[in-house]
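Novice: This is the structure I want to talk about, given as structure tokens.
Values in this text are rule-based calculations from the coordinates and carry no lab data. Model, not experiment: these values are computed from the prediction. Using ideal geometry, Cβ is built from the backbone for each residue, glycine included, and neighbour counts are taken over all protein chains shown.
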Amino acid sequence: MSYAIRLKCRECERTYPLDPIAACEECWAPLEVVYDYGKLWADLRREDLASRPPNMWRYRELLPVAGEPWVGHQTGFTPLVAAPRLGAALGAREVYVKNDAVNHPTLSFKDRVVAVALSKAHEFGFDTVGCSSTGNLANALAAQAAAGGFKTFIFVPAELEPEKIIGTQVYGATLVKVQGNYDQVNRLCAEIAQKHSWGMVNVNLRSYYSEGSKTLGYEIAEQLGWRLPQNIVIPMAGGSLITKVNKAFEELKKLAWVAPARTRFFGAQAAGCSPITTAAKRGTTEIEPQKPRTIAKSLAIGNPADGIFAVKTILASGGAGEDVEDQEIVDGICLLAETEGIFAETAGGVTIAVARKLIRQGRLNPEESLVLAITGNGLKTLGALQGRLAEGVLIRPKVEDFDEQFLSTAATA
Ligand SMILES: *Cc1c(COP(=O)(O)O)cnc(C)c1O
Ligand SMILES: [Zn+2]
């Protein structure tokens, strides 16, 4: 069962019942799910979780789904990988990779949010669902809507990576390619949502959907032996994930499931779309929208819905925002792959490159524990590496050719 009790406006604190509502009617700010932590604290021990199956629903009391989850039964509980070789390359002592590149079923952290959104859509009785997306959300929604028996409309910017287009259409979803960037797609999606009684994941289901991101935070704490990391680097698009991992850590402290230690939150973006890190660097919550121009398309949101809250999270934690150029993103992808055998998409390259930059700048303490959030799979953004790796050597099917090409220098050495 869930301990969710109501929705509350993040700005004016007006409360609402647990209905499909897009935003506060008074001030248009996002709505937050509120839980009865006192009752939860009395009813549930963290030890009670140990025997539950390894998926995101082991934290179901802290999610807003009342009954049985409708989809995503295998989603979450991805590996937290100790990464000593990457740590050595970064000059950091205790590094972990939270690897959502292998999340089920579509290889990104968006599977978590969609699992909650569609379970909620089922409870509300929606038969049609939709979203606007920079790619991974489209994949996750299309797959889980197919498994959950929903009709699906998905709105994406027309110039999305082909892997993400195919990885949406294959599930039978209706893909609407819109001439424009994500922010224009999102506005169109919100207008369409108003006309139909559909479950729009990032419109009228948004406050539920975003709660799914908290499970990434619960898992990190549990996988560290119910301990919070001292530092965490998280890639940001709309700024929801970083905000919700912070909410997860605060909840765990409230429940006394972890010691009340401080975690510094470091938000990562591409230089070509950096509205949140730019604000964080200036120390202001004023977000100036940008026109995205980066290979990190999954992070290319120029007008981030949760940008203000992301900046607040970063600044209040004593962390920082930082951004990196496209070449550094590619280098970050390669560094993670070569040291730990994990192939991340461009967003993961952003995380690694930002961590490296912050350590070099002396702004991230390399003696402290550090978790790097890898949120998507490299096979979905192959184009980013096209022409950036050495061409393979072509030989005839002859041993002499092999020896000559690959062993001649070793033989003479
Ligand atoms: C959507 C996405 C993010 C960022 O999520 P927000 O909650 O919008 O900040 C990070 N990484 C990947 C791979 C994503 O698809
Ligand atoms: Zn309000």
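Novice: Once phi is turned into ³J(HN,Hα) by the Karplus curve 6.51 cos²θ - 1.76 cosθ + 1.60 with θ = phi - 60°, what whole-Hz value does each residue of the stretch 269-274 show in order, with x for glycine and proline?
Specialist: 9, 7, 4, x, 7, 10
Novice: Would you grab the residues whose amide H sits under 5 Å from the one on Cys273? Only those 5+ places off in sequence or on another chain, please, with H modelled 1.01 Å from N.
Specialist: Arg293
Novice: Which of the three applies to the stretch 1-68, rounded, prolate or oblate, going by the alpha-carbon gyration tensor with a ≥ b ≥ c and a/c under 1.5 meaning rounded? Write out the running numbers ahead of the final one.
Specialist: Details: a/c = 3.09, a/b = 2.22, b/c = 1.39.
Here the stretch 1-68 falls in the prolate category.
Novice: Taking the number of other C-beta atoms within 10 Å as the exposure measure, put Cys27, Cys273 in order starting with the fewest. List each step's numbers first, then the result.
Specialist: Details: Cys27 12, Cys273 27.
Placing the least packed residue first, the sequence is Cys27, Cys273.
Novice: Same structure, new question: If one takes the longest principal axis of the Cα atoms in the chain, at what angle in degrees, from 0 to 90 and to the nearest 10, does the Cα axis of helix 214-223 lie?
Specialist: Orientation of helix 214-223: about 60 degrees from the principal axis.
Novice: Compute the Rg/Rh shape ratio of the stretch 56-117: radius of gyration over Kirkwood radius, all on alpha-carbon atoms. It would help to have the intermediate numbers written out before the result.
Specialist: Values: Rg = 14.8 Å, Rh = 13.1 Å.
Here Rg/Rh amounts to 1.13.
Novice: Quick one: among Thr351, Thr168, Thr284, which has the greatest mean-square fluctuation in a GNM of the chain with alpha-carbon springs under 10 angstrom?
Specialist: Thr284
Novice: Once you have the Kirkwood Rh of the stretch 135-227 from its Cα pairs, apply Stokes-Einstein at 25 °C and 0.890 mPa s and quote D in µm²/s.
Specialist: Rounded, D is 168 µm²/s.
Novice: Mind listing which GluC sites (Glu not before Pro) in the stretch 247-293 are in a DSSP loop and have 11 or fewer other Cβ atoms within 10 Å?
Specialist: Values: sites: Glu250, Glu251, Glu286; in loops: Glu286.
Loop-located and lightly packed - Glu286.
Novice: How far apart, in nanometres, would the label points at Glu25 and Val176 be if each is projected 7 angstrom from Cα along the Cα-to-Cβ direction?
Specialist: Modelled inter-label distance: 2.6 nm.
Novice: Here's something else I'd like to know. Using only the alpha-carbon atoms, how far is helix 326-340 inclined from the longest principal axis of the chain? Give it as 0 to 90 degrees, nearest 10.
Specialist: That helix lies at roughly 80 degrees to the long axis.
Novice: I've got another one for you. Name the shape class, rounded, prolate or oblate, that the alpha-carbon gyration tensor gives for the stretch 23-181, where a ≥ b ≥ c are the square roots of its eigenvalues, rounded holds for a/c under 1.5, and otherwise prolate holds if a/b is larger than b/c and oblate otherwise.
Specialist: Values: a/c = 1.72, a/b = 1.13, b/c = 1.52.
Here the stretch 23-181 falls in the oblate category.
Novice: Per DSSP H run of n ≥ 4, the term is -39500 (n - 2.57); total these for the chain, divide by its residue number, and report the mean residue ellipticity at 222 nm rounded to 500 deg cm²/dmol. Let's see the in-between values first.
Specialist: Values: 15 runs with 151 residues, N = 413.
The helix-only estimate for the chain comes to -11000 deg cm²/dmol at 222 nm.
Novice: Using a 10 Å cut-off around each Cβ, can you sort Tyr37, Tyr209, Tyr96, Tyr171 from fewest to most neighbouring Cβ atoms?
Specialist: On the way: Tyr37 14, Tyr209 29, Tyr96 23, Tyr171 20.
Fewest-to-most Cβ neighbours within 10 Å comes out as Tyr37, Tyr171, Tyr96, Tyr209.
Novice: Given the options Val81, Val116, Val65, which has the most mean-square fluctuation in a GNM of the chain, springs set between C-alpha atoms less than 10 angstrom apart?
Specialist: Greatest mean-square fluctuation among the candidates belongs to Val81.
Novice: Tell me the relative contact order for the stretch 230-304 as a rounded percent, counting alpha carbon contacts under 8 Å between residues six or more apart.
Specialist: Numbers: 99 pairs, mean separation 26.8, N = 75.
About 36 percent, as a whole number.
Novice: Which of the lysines could a cross-linker bridge to Lys247, judged by Cα under 16 Å and excluding same-chain residues fewer than eight apart?
Specialist: Lys8, Lys214, Lys312
Novice: Counting other beta carbons within 10 Å of each residue's own, what order do His73, His104, His122, His196 fall into, fewest first? Provide the component values of the computation, followed by the final result.
Specialist: On the way: His73 15, His104 18, His122 21, His196 12.
With the fewest neighbours first, His73, His104, His122, His196 line up as His196, His73, His104, His122.
Novice: What does the charge add up to near Leu407, with Lys and Arg as +1, Asp and Glu as -1, over the other residues with Cβ less than 12 Å from its Cβ? Working shown, then result.
Specialist: Working: positive: none; negative: Glu400, Asp401, Asp403, Glu404.
After counting each charged neighbour, the total is -4.
Novice: Let me ask you something else. If I model a spin label at Ile166 and Leu188 as a point 7 Å from the Cα along the Cα→Cβ vector, what separation in nanometres do I get?
Specialist: Simple spin-label model gives 2.4 nm for this pair.
Novice: Taking the Cα atoms only, what angle lies between the long axis of helix 136-148 and the longest principal axis of the chain, rounded to 10 degrees?
Specialist: Once rounded, the angle reads 60 degrees.
Novice: Hey, another quick one. The chain: Rg/Rh from Cα coordinates, Kirkwood Rh?
Specialist: Numbers: Rg = 21.5 Å, Rh = 21.8 Å.
Looking at the chain, the ratio lands at 0.99.
Novice: Still on this structure: Given springs between every Cα pair under 10 Å in a Gaussian network model of the chain, which of Gly349, Gly125, Gly217 has the largest fluctuation?
Specialist: Result: Gly125 has the largest fluctuation of those listed.
Novice: Sticking with the crude label model, points 7 Å out along Cα→Cβ, report the distance from His73 to Arg388 in nm, one decimal please.
Specialist: 3.9 nm
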